[in-house]
Amino acid sequence: MQTASLLWGLVALVLYVVYGAFNYGHRRKDMPTGPKTLPFIGNLHQLPKHYTHVKFTQWARQYGGLYTLKLGSATMAVITDRSIVKSTVDKKSNIYSHRPPSYVSHDLITKGNHLLVMFYGDKWRTFRRLIHQHLTENMVEREHLSIVNAEAIQLVRDYMLFPDDHMLHPKRFSNSISNSIIFGIRSPTVRSAYMKRLYTLMESWSEIMETGNTPPVDIFPWLKAIPQQLFNNYKTRSLGVGKQMENLYEDVLQDVLKRRETRNAGSFMDVVLDQQDKVKLPRDQLRFIGGVLMEGGSDTSSSLILAIVQALILNPEVQEKAHREISAVIGEDRSPEWSDMDKLPYINMIVKEGHRWRPILPLCFPHALGQDDWVEGKFLPKGTTIIINVWGMHMDPQVWEDPEKFNPDRYKNHPLLANEYVAGGDWQKRDHYGYGAGRRICPGMYLAERNMLVSIAKLIWAFRFERRLGPDGQALPIDPDPVTGYHNGFLYCAKDYGCQPIIRSNRVRETVLREFDEAEKNVFSTFGTS
């Protein structure tokens with residue numbers, strides 16, 4: 001009798017293990033559908049290593065605007081439907097604003113101090129509040145526009161004098177605006193010390209996070225116990241990137257503290273340090289609150305400028321239409337400024353189309369669900385990773401006619417700035433998702449809009465952009481393909497392409513040089529340099 005009971009117990013255990021093995025990695029029947037899963041691994045074997053947004057969009061056409069993937073026992077939900085983004089990430093932002101666990105980025109590299117991967121909670125709210133108070137629309141209009149205008153005229157001057165560095169000039173432009181506002185420290189050249197260190201850091205972090213460079217420890221936590229030597233010493237490499245990040249942020253903070261001994265520049269970090277008796281941020285958080293803004297402001301606008309300039313070269317009728325609009329309003333004796341933008345609607349349309357055509361974050365950054373939820377009758381469990389498929393929504397042929405074509409005229413009925421469509425209640429009027437959605441939306445949106453509009457207006461005012469000629473006198477090819485022509489690391493950025501900026505007239509050249517001299521005297525002289 002005892003033997004029989006033991007045997008039945010063993011059979012039950014075996015059946016339980018077999019049942020668990022075949023169900024581990026499978027989705028529940030009441031969850032949104034998706035690609036067929038395999039036991040234990042789910043859909044892990046189907047995830048591409050590169051250009052994930054392209055595959056996710058293919059699946060969206062097959063499985064709909066909300067589908068799920070199983071990654072081991074974990075669930076990932078991919079949203080490619082604008083109405084569902086509105087009803088979930090926007091309207092239920094209190095439960096859709098979490099971040100999924102990230103052992104490498106959160107625990108090893110940033111120690112949880114980076115706003116991008118920071119878990120939703122009090123620390124995130126403190127960071128967000130401090131950042132928001134310095135980047136409100138009123139603050140940007142009142143304090144930061146002079147910086148934007150001055151750095152934009154240097155951008156034009158740099159394209160004019162140093163066309164071979166055309167892939168670097170937008171990076172200097174956006175980095176210098178960010179560093180001036182955050183730390184009171186400019187980046188006067190493309191080889192400025194902090195700028196070079198930042199982009200080296202971003203490349204190192206991006207390399208670590210490429211699919212296959214670290215084991216899937218967030219899906220199978222037991223892999224953390226496996227000797228890291230079997231995975232190319234990923235822990236040591238991650239900690240090295242973290243140290244690189246910490247050293248850069250500490251060095252910039254030290255510069256600010258040293259400058260404050262004699263002068264308060266009114267920068268973002270000055271404002272934070274002035275409130276330190278109240279907010280009491282520890283040293284590591286003081287480093288990161290400035291550092292994450294330096295990161296976020298340095299690569300996003302620059303990548304979008306490069307994409308738009310590429311589109312202008314490939315669509316000369318667009319840049320000529322824009323130049324006619326600018327010429328009618330501005331002339332050649334001064335360059336466009338922010339105050340001109342209400343008279344330059346086509347520039348706004350070009351920037352919106354740039355966001356749609358080549359979004360810098362094709363999948364946003366993953367959100368996570370803070371509690372169980374039901375969406376259109378389908379179940380999503382707590383902890384589900386939420387992917388906003390920006391690429392899929394921007395390339396939806398049901399919404400955008402001929403979506404691969406760069407066509408600013410599709411925005412002729414969207415005269416407002418992006419933030420006004422974000423705040424609106426009608427998801428059908430949303431212009432694009434370049435700044436994200438929900439509570440995790442880009443806190444620098446007001447500044448970024450002005451960076452883009454002013455810089456693109458000045459560039460088109462000053463130049464006719466053409467393909468660069470090769471040694472044989474023939475125009476070099478440009479590859480705008482979303483896969484072969486673009487890098488897909490942290491941000492989606494055009495690969496190097498040949499560009500020949502041709503100044504429109506001698507009078508324009510003289511105006512650029514005069515306005516740059518004025519910017520040096522009236523704006524740049526008030527900042528330190530790196």
> How do 78, 375, 272, 483 line up, fewest other C-beta atoms within 10 Å first?
Replying inline: 483, 375, 272, 78
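Longer than 21 Å from Cα to Cα, which of 405/495; 343/405; 224/382 are they? Say none if no pair is.
Among 405/495; 343/405; 224/382, the Cα-Cα distance tops 21 Å for 343/405; 224/382.
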> Can you give me the relative contact order of the chain as a percent, contacts being Cα pairs under 8 Å and 6 or more apart?
Replying inline: 23
> Cα-Cα over 27 Å: which of 91/123; 111/280; 36/111; 91/352?
Replying inline: 36/111
> Which of 450, 334, 237, 468 comes first, and how do the rest follow, when ranked by fewest Cβ neighbours within 10 Å?
Replying inline: 334, 468, 237, 450
>> With +1 on the Cβ of every Lys and Arg and -1 on the Cβ of every Asp and Glu, and nothing else charged, how large is the dipole of segment 34-154 about its Cα centre, in debye rounded to the nearest 20?
In response: 540
> Rounded if a/c is under 1.5, else prolate if a/b beats b/c, else oblate: with a ≥ b ≥ c from the C-alpha gyration tensor eigenvalues square-rooted, which is segment 23-92?
Replying inline: oblate
>> Show me the GluC sites (Glu not before Pro) within segment 347-402 that DSSP assigns to loop and that have at most 15 other Cβ atoms within 10 Å of their Cβ.
In response: 376, 401
>> List the aspartates and glutamates whose Cα sits under 18 Å from the Cα of residue 171, skipping any in the same chain fewer than 8 residues away.
In response: 151, 158, 203, 295, 299, 449, 496
> Over all distinct alpha-carbon pairs, what is the Kirkwood Rh of segment 27-529 in angstrom?
Replying inline: 23.8
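Is the C-alpha gyration tensor of segment 395-486 telling us rounded, prolate or oblate? Criteria: a/c under 1.5 is rounded; beyond that, a/b larger than b/c is prolate, otherwise oblate.
Prolate, since a/c reaches 1.5 and a/b exceeds b/c.
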>> Filter the chain for me: DSSP H helices, axial length by Cα at least 15 angstrom, mean Kyte-Doolittle hydropathy not below -0.5. List them by residue number.
In response: 2-23, 145-161, 169-183, 193-209, 283-314, 445-462
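Relative contact order of segment 142-194: what whole-number percent is it, with Cα pairs under 8 angstrom and at least 6 residues apart?
30
Take each of the peptides 256-267, 321-332, average the number of other beta-carbon atoms within 10 Å over its residues, and list them starting from the highest.
For the peptides 256-267, 321-332, the packing ranking is 321-332, 256-267.
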> When ranked by the protection proxy of mean other Cβ atoms within 10 Å per residue, highest first, what sequence do the peptides 37-45, 110-118, 421-429 form?
Replying inline: 110-118, 37-45, 421-429
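At a 10 angstrom cut-off on C-beta neighbours, averaged per residue, how do the peptides 64-70, 492-498, 297-303 rank from highest to lowest? The partial results should precede the final answer.
Values: 64-70: 21.9, 492-498: 17.6, 297-303: 24.6.
With the highest mean Cβ count within 10 Å placed first, the list reads 297-303, 64-70, 492-498.
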>> For 385, 33, which order do you get if you count the other beta carbons within 10 Å of each Cβ and list the fewest first?
In response: 33, 385
>> Just to confirm my numbers, what's the Cα centroid distance between segment 133-156 and segment 244-305 in Å?
In response: 18
>> 5 Å is the cut-off here: which amide hydrogens, built 1.01 Å from N in the peptide plane, fall below it relative to residue 75, excluding neighbours closer than 5 in sequence?
In response: 385
>> For a test of the definition: using alpha carbon positions, the gyration tensor, and the 1.5 limit on a/c, classify segment 146-254 as rounded, prolate or oblate.
In response: prolate
> Sequence-distant or interchain residues sharing an amide H contact under 5 Å with residue 466, placed H: which?
Replying inline: 500, 502
>> Ignoring everything except DSSP H segments at least 4 long, calculate the 222 nm mean residue ellipticity for the chain; use -39,500 (n - 2.57) per segment, divide by total residues, nearest 500.
In response: -15000 deg cm²/dmol
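Read-outs throughout are calculated quantities, based only on the coordinates presented, and are distinct from any laboratory measurement. All values derive from a computational prediction rather than experimental measurement. Quick reminder, even Gly has a Cβ in these numbers, built from the backbone with ideal geometry, and neighbours come from all protein chains shown.
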